[in-house]
Amino acid sequence: MAVSLHHVVVDAHDLPGLARFWCRVLDWRILSEKPREVVIGTDESAGTGICFMPAGEPKTVKNRLHLDLAPDDQDAEVERILALGARRVDIGQGEAVRWVVLADPEGNEFCVLRPKASLIAFRDPPA
């Protein structure tokens, strides 16, 4: 039996607002918008999307699952995402890490990494 990742589901209080934020971050678009479900992705035939569903309670602790973004230019991307409404957060990551921790407008943490060469290796900066 074959299986694939279909959606990453995010609980939200403002489904359309959070979906629009992530569309701007990822350069995706809203594929479906219903009162209790907003789906975003590159297009309807994409392998994986993000689905925003109503949250039952306020967020109170650090996420147990988060997204890692791997841009070509970490500093420029962090500034761009901050301008879209994200904020820097400290979850105990310290100063010596290779990523920047941000939170979306509803407080969901995510990381902006240094450029990656693969799923397991960072791309070394040019010499």
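The values are calculated or read from the model by the stated rules, or taken from the named source; none is laboratory data. Keep in mind that this is a model prediction, so the values were computed, not measured. FYI the Cβ positions are ideal-geometry reconstructions off the backbone, even for glycines, and counts take in every protein chain you see.
Against the condition assigned by TED's automatic domain parsing to the domain that holds ASP14, farther than 21 Å from ALA12 by Cα and surrounded by fewer than 17 Cβ atoms within 10 Å (Cβ to Cβ), how does ASP73 come out, does it pass?
Numbers: assigned by TED's automatic domain parsing to the domain that holds ASP14: no; farther than 21 Å from ALA12 by Cα: yes; surrounded by fewer than 17 Cβ atoms within 10 Å (Cβ to Cβ): yes.
So ASP73 fails the test.
Checked against the criterion of being of a type in the set (A, V, I, L, M, F, W, C), surrounded by 14 or more Cβ atoms within 10 Å (Cβ to Cβ), assigned by TED's automatic domain parsing to the domain that holds GLU109 and over 21 Å from GLY107 (Cβ atoms), segment 21-39 contains not a single residue that satisfies it. For segment 85-96, a residue qualifies if it is modelled with pLDDT of 85 or more and among the charged types (D, E, K, R), and the qualifying residues are ARG87, ARG88, ASP90. Tallying residues that are farther than 20 Å from PHE110 by Cα and touching a residue at least 40 places away in the same chain (Cβ under 8 Å) within segment 1-20 yields 1. The residue that is nearest to VAL9 (Cα to Cα), among those in segment 94-127 that are part of a loop (DSSP other than H, G, I, E, B) and among the small types (Gly, Ala, Ser), is GLY107. Of all residues in segment 49-67, none are in contact with an Asp or Glu (Cβ under 7 Å, 6 or more places away or on another chain), farther than 24 Å from GLU37 by Cα and assigned to a loop (DSSP other than H, G, I, E, B). Going by the conditions given, is ILE91 assigned by TED's automatic domain parsing to the domain that holds ALA121, over 12 Å from the mean Cα position of the chain (by Cα) and not in a strand (DSSP E or B)? When the stated conditions are applied, ILE91 passes them.
One line per residue, one yes/no per condition, for (1) surrounded by 15 or more Cβ atoms within 10 Å (Cβ to Cβ); (2) farther than 19 Å from ASP27 by Cα; (3) at pLDDT below 85:
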| position | (1), (2), (3) |
| --- | --- |
| GLU44 | no, no, no |
| ARG98 | no, yes, no |
| LEU102 | yes, no, no |
| ASN108 | yes, no, no |
| VAL112 | yes, no, no |
| SER118 | no, yes, no |
| ASP124 | no, yes, yes |
| ALA127 | no, yes, yes |
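Of all residues assigned to segment 69-83, at least one qualifies as being more than 20 Å from PRO115 (Cα to Cα) and over 14 Å from the mean Cα position of the chain (by Cα). Cβ-Cβ distances below 9 Å connect the following pairs, each with a first residue in segment 62-79 that is closer than 24 Å to ASP124 by Cβ, a second residue that is surrounded by 14 or more Cβ atoms within 10 Å (Cβ to Cβ) and among the small types (Gly, Ala, Ser), and a separation of six or more residues or different chains: VAL78/ALA86.
Count of segment 76-87 residues, restricted to those that are exposed (fewer than 14 other Cβ atoms within 10 Å of the Cβ) and in contact with a strand residue (DSSP E or B) (Cβ under 6 Å, 6 or more places away or on another chain), is 1.
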